[in-house]
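The next block holds one structure in the form of structure tokens; read it before the comments.
Just so you know, all these numbers are worked out from the coordinates, no wet-lab data involved. For clarity, every value in this text was computed on a predicted model and none was experimentally measured. Note that we place each Cβ from the backbone using ideal geometry, even for glycine, and neighbour counts take in every protein chain shown.
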Amino acid sequence: MKTEFIVSDMTCNHCVQTITRAVKAIAPTAHVDADLASHRVTIEPAENPAALAAAIVDAGYDVQTA
Ligand SMILES: [Cu+2]
């Protein structure tokens with residue numbers, strides 16, 4: 001299963017790295033695609049989307065379900 005979030009305050013490559021690291025911390029084998037232009041973060045597979053969203057929030061970002 002794939003999940004997509006909109007992270008509107010993901011504005012630079014540092015944000016991308018921080019968010020990718022936060023996701024990988026709880027889903028080490030997931031593929032994370034973070035697109036700055038659309039602010040869209042795609043995670044696949046995403047077995048626990050709520051936990052992934054919480055990890056991104058904990059990293060300091062605002063998460064909306066895409
Ligand atoms: Cu940034």
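The table that follows gives values for the structure above.
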{"read-out": "Every residue from segment 1-54 that is within 14 Å of the ligand (Cβ to nearest atom), closer than 16 Å to Ala66 by Cα and in a loop (DSSP other than H, G, I, E, B)", "value": "Val7, Ser8, Asp9, Met10, Leu36, Ala37, His39"}
{"read-out": "For Ala25: the one exception among (1) loosely packed, with under 13 Cβ neighbours inside 10 Å; (2) in contact with a Pro (Cβ under 7 Å, 6 or more places away or on another chain); (3) without any contact (Cβ under 8 Å) to a residue 40 or more places away in the chain", "value": "(2)"}
